[in-house]
Amino acid sequence: MSADTLTPADPSVAEAYRLPVDQIAQRLETDPEKGLTAEVARQRLEQYGPNELEHEPPVPGWKRFLAQFNDVLVILLLIATAISVAVWLYEGEEALPYEALVIFSIVLLNGILGYVQEARAEEAVSALQAMSAAEAQVIRDGKRQSVKSTELVPGDVLLLEEGDTIGADGRLVQATGLQTAEAPLTGESVPVSKTADPIEAEAGVGDQTNMAFSGTAVTYGRGKALVTATGMKTEMGKIAGMLQRAEANDTPLQKELDKTGKRLGLIVIVIAVIMVGTILLVEGATDFSAVMEVLILGVALAVAAVPEGLPAIVTAVLAIGVRRMADRNAIVRKLPAVETLGSATVIASDKTGTLTKNEMTVRAVITASGRTNLTGTGYQPEGAVEHQTDRDESALTAETERILRAADLANNAVLQEKDGQWIIQGDPTEGALLVAARKAGMKPDELESRFRRVGEVPFSSERKLMSTVHTDAEKKEERNIVFTKGAPDVLLERCTHELVGEEARALTDERRMEIKQANEQLAEEALRTLGVAFRSVAPDTQGDKVDDAVEQELVFLGLVGMIDPPRPEAKEAVTKAHKAGIRTMMITGDHPKTAAAIAKELGMVEEEKAVVGGELQKMDEATLERTVQEVSVYARVNPEHKLKIVEALKRNGQVVAMTGDGVNDAPALKTADIGVAMGITGTDVSKEAADMVLTDDNFASIVAAVEEGRSIFANIQKFLRYLLSSNIGEVLTMFLGVVLEGVIGLTSEEGLVVLPLLATQILWINLMTDGAPALALGLDPDDPEVMNRPPRDPNEGVITGSMWRGIVLVGVVMAVGTLLVLDASLPGGLIEGDGKLAYGRTMAFTTLVMFQLFNTFNARSDTQTAFHRPFQNPWLLGAIGLSLVLHVLVIYLPWLQTAFETVPLSLGDWLECVLVGASVVVVREVSKLMGW
């Protein structure tokens, strides 16, 4: 076989569905009856490689761990730590370098937490491999053989039977009642009937009914296929390739925190360089001891400027948020993705199993005397049977019972209750008919005891019918009964009569037209339709004597309309999302009419309009961007189309949350700002590619997660507001204290530069006063109005302009107030005092702590007053109390006095510090009233 026979560009492979079987066999150089020889199969395996999906080698654990430290904030902290250790080593002090040890401990803790959360590396492609069938049945050397699916090669004759997972893509040679479940690949909610006939027109994957695809499953019948593609050349392989090429994006929070870190780092570097250079020049420090003292100043500035608790607090708050989201059936795989969902402007959702239950449900039955509607959704056999007729209702009741009984008997599915859940074994369509019969009061045991099956004509895609033959224990005459169901147009052609009440009347041309119109009406309601009929046959019509000849001269019973219905809670969730300013979209592989009808019923759209994948394929980039702004329903889409839609939405500036459960959703899930996979029906591929997994496959849980995400994001803003304003206050205190040392009387006896606060004191404030209250702000209860506001502007930073104004204002107030207290505590300066340096520093130290504790109430909002529900968060009150107790210990415990160079304060001193610290609330309240 020539090497180019199986290239993807070759029409014989890329469009095998368009050619007759004999031409495909010729091009593949194989025999559909005998298959390949063992030797040829071995050669092809060497030529084309094993039938498995390629995957990138996993990143070593040590690299993933080191990657946790690749952050500007962390790098700054490590530099500060290194300098502190260098100073400690040079001076040879006996006391441990507290700054270095604490900073390094925080950095290490944050790295460990990040590593643990990210330890489950992206394994989406590996999960795709796991979906492949372990064994495959083939014909080789004219004999049926079982081989490993990884050893399948192009040209193999693959045998397909009910329950098989298909191991490779193949062109069907035979299809006897063959149906395959392609929902993981195409999104089609019901099994697809297969045929061996070529398809002349160009068709997408979902419409290639003469092809079998790797990773899909046989749900009914049997067949035989010529393998046309293996490994990465299969449709599943193409998805794996896209998944490898799709780039994972940083979340807005990650981007903004990185930006903030760079800003702070730049500020620190500029200030440190200016100050250190000025001091070295002015003070004339030349010996190593003096130089190292100046470097200590640089370390103190770095410690004051960089909120070293920020990474750990962000991780902790997000982790707590993850637990809260888990209580609402949303499992977050990546911590930073929590806030992204809260800022989503678009939820692009799959239909099957997400917005719907993925459980076919009979909605309507139409017979000669009228229409019967059935309520309830899914496989739970509960619901009302409501008759609508302007004729004899008793006749309609009898007709409804007859059609549902026939549909129940011409059926191979099984309805079971397992662990409180009703499930179907077999075809979902047949399962829906069983449930409808149970709603009408029919009991399976009674039906089976009365109507014993004695023969069957299996469904075939050629006939589009399925029939069963039964004896009737209640009938004295020796006659058997045939029950038939199938495509209404085909079935109607085989019917000569129609049941009206208990009487069989001849079908007229006029009545046939009315039935066809009724069928069209059900189709307009996006219902999938089935026709049901029956007839009597001779008693010897059973066993081997049953064939499709019994499907003639039938008595038409009526039409059944069914649909995979929306989840009951999905409509409310869509309404809630719209109220929150979030657009909901449906992207599915299902039929456009069905998709549009479901979308309208859910309230996603006002008109039943859908764009199909073929139309998307022809659009240029600009047209697609306009289309995604106007159209919210997309049907018959391929994986490439899903990616295009998500990318177009992102180019329009939208923050996209993409939900899905199938293999075909994985690339879009990974490319979206946040991917949400289904936990029950979702494939391993979608779960590994997603940022979040829903444990209940419920669209309502997505909206609940949005609400939780918004609350978490608001809390992140609260503690960022608090931390940054506090750290700016510390930076300005240090900077202005050194610059204005002569003005405020801050000098030493040796005439060297003196810091307003020690590095250990600044570090204590950051770890204790900043840490606990900041974490408590991250636990603020949900705001009940959070879902009544529009999403945050995707182009707006996590820290907004108004936040920065408030942060800087508070920082200035803190620095000015702290330095004034320091000035008033020391001799000289603007305010005369009589205390020593240790006393002045202790007063400044305590004042800055008070400023920050009062600032916790300011930080809860940029607009609401600090007195709005001040006792709502008991954690915050507890954190403030804890910080205050710890500070008291530092002031009064002797060994802590030595470590932090503090002295005891009097009651009057405390009152002064508290009053000055409380001024930050007054100033901020005035600024809020002024809208600044």
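Derivation of every value follows stated rules applied to the coordinates shown; laboratory data play no part. Being a predicted model, the structure only gives us computed values, none of them experimental. In this analysis, Cβ positions are derived from the backbone assuming ideal geometry, glycine residues included, and neighbour counts consider all displayed protein chains.
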(request) Can you tell me the FRET efficiency between Lys475 and Met513 if r is taken as the Cβ-Cβ distance and R0 is 51 Å, rounded to the nearest 0.05? (result) 0.90
(message) Suppose each label sits 7 Å from its Cα in the direction of the beta carbon; what would the Ala538-Thr375 distance come out to in nanometres?
(response) 5.0
(request) Could you line up Lys475, Lys576, Lys357 from fewest to most neighbouring Cβ atoms inside 10 Å? (result) Lys475, Lys576, Lys357
(request) Going by C-beta contacts inside 10 Å, put Ser394, Ser632 in order with the fewest on the left. (result) Ser394, Ser632
(request) For region 647-658, just list the computed ³J(HN,Hα) in residue order, Karplus coefficients 6.51, -1.76 and 1.60, θ = phi - 60°, integers in Hz, with x standing in for Gly and Pro. (result) 5, 5, 4, 5, 5, 7, x, 8, 9, 9, 9, 9
(request) Pick out, in residue order, every one of the trypsin sites (Lys or Arg not before Pro) in region 587-693 that is DSSP loop and has at most 16 other C-beta atoms within 10 Å; say none if there are none. (result) Lys609
(request) Please list the non-local residues whose amide H lies under 5 Å from the amide H of Gly829, H modeled 1.01 Å from N, same-chain partners needing a gap of 5 or more. (result) Gly745
(message) I'd like the Karplus ³J(HN,Hα) series for region 528-536: coefficients 6.51, -1.76, 1.60, θ = phi - 60°, whole numbers in Hz, and an x wherever there's a Gly or Pro.
(response) 7, 10, 9, x, 10, 8, 8, 6, 9
(message) Please compute the length gained on full extension between Glu606 and Thr627, using 0.36 nm multiplied by the number of residues separating them and subtracting their Cα-Cα distance.
(response) 5.9 nm
(request) Sort out for me the Cα centre separation of region 772-827 from region 486-541, rounded to whole Å. (result) 72
(message) Report the gain in length on full extension from Val490 to Arg64: 0.36 nm times residue separation, minus Cα-Cα distance, nm rounded to one decimal.
(response) 147.3 nm
(request) Grab the other residues whose beta carbon is less than 12 angstrom from that of Met211, score K and R as +1, D and E as -1, and report the net. (result) -3
(message) Taking R0 as 30 Å, what FRET efficiency do you get between Val273 and Leu830 from their Cβ-Cβ distance, rounded to the nearest 0.05?
(response) 0.60
(message) Please compute the modelled spin-label separation between Gln23 and Glu417, points set 7 Å along Cα→Cβ, answer in nm with one decimal.
(response) 5.6
(request) Highest first, please rank the peptides 812-823, 544-555 by the mean number of other Cβ atoms sitting within 10 Å of their residues. (result) 812-823, 544-555
(message) What does the extension gain come out to for Ala326 and Glu39, with contour length at 0.36 nm per residue minus their alpha carbon separation?
(response) 97.9 nm
(message) Show me the trypsin sites (Lys or Arg not before Pro) within region 817-886 that DSSP assigns to loop and that have at most 14 other Cβ atoms within 10 Å of their Cβ.
(response) Lys836
(message) Starting from the 7 Å offset along Cα-to-Cβ, what nm value, one decimal, do you get for the label separation of Asp547 and His868?
(response) 8.1
(request) Give the residues of region 179-220 whose amide nitrogen is closer than 15 Å to a point set 7 Å from the Cα of Glu161 in the direction of its Cβ. (result) 218-220
(request) Order the peptides 536-542, 893-899 from the highest to the lowest mean number of other Cβ atoms within 10 Å of their residues. (result) 536-542, 893-899
(request) Would you mind listing how long region 465-575 runs along its three principal axes, going by Cα atoms, in whole Å with the largest first? (result) 59, 32, 25
(request) Compute the signed sum of charges (Lys and Arg +1, Asp and Glu -1) over the other residues within less than 11 Å, Cβ to Cβ, of Gly614. (result) -1
(request) Any chance you could list P(r) for region 581-628, counting all Cα-Cα pairs in 5 angstrom bins from zero, rounded to whole %? (result) 4, 20, 27, 23, 19, 6, 1
(request) Mind sorting Arg924, Arg505 by how few other Cβ atoms lie within 10 Å of their own Cβ, fewest first? (result) Arg505, Arg924
(request) Per residue of region 207-224, in order, report the coupling 6.51 cos²θ - 1.76 cosθ + 1.60 (Karplus, θ = phi - 60°) as ³J(HN,Hα) in whole Hz, putting x for Gly and Pro. (result) 10, 8, 6, 9, 10, 10, 10, 4, x, 8, 10, 7, 9, 7, x, 8, x, 9
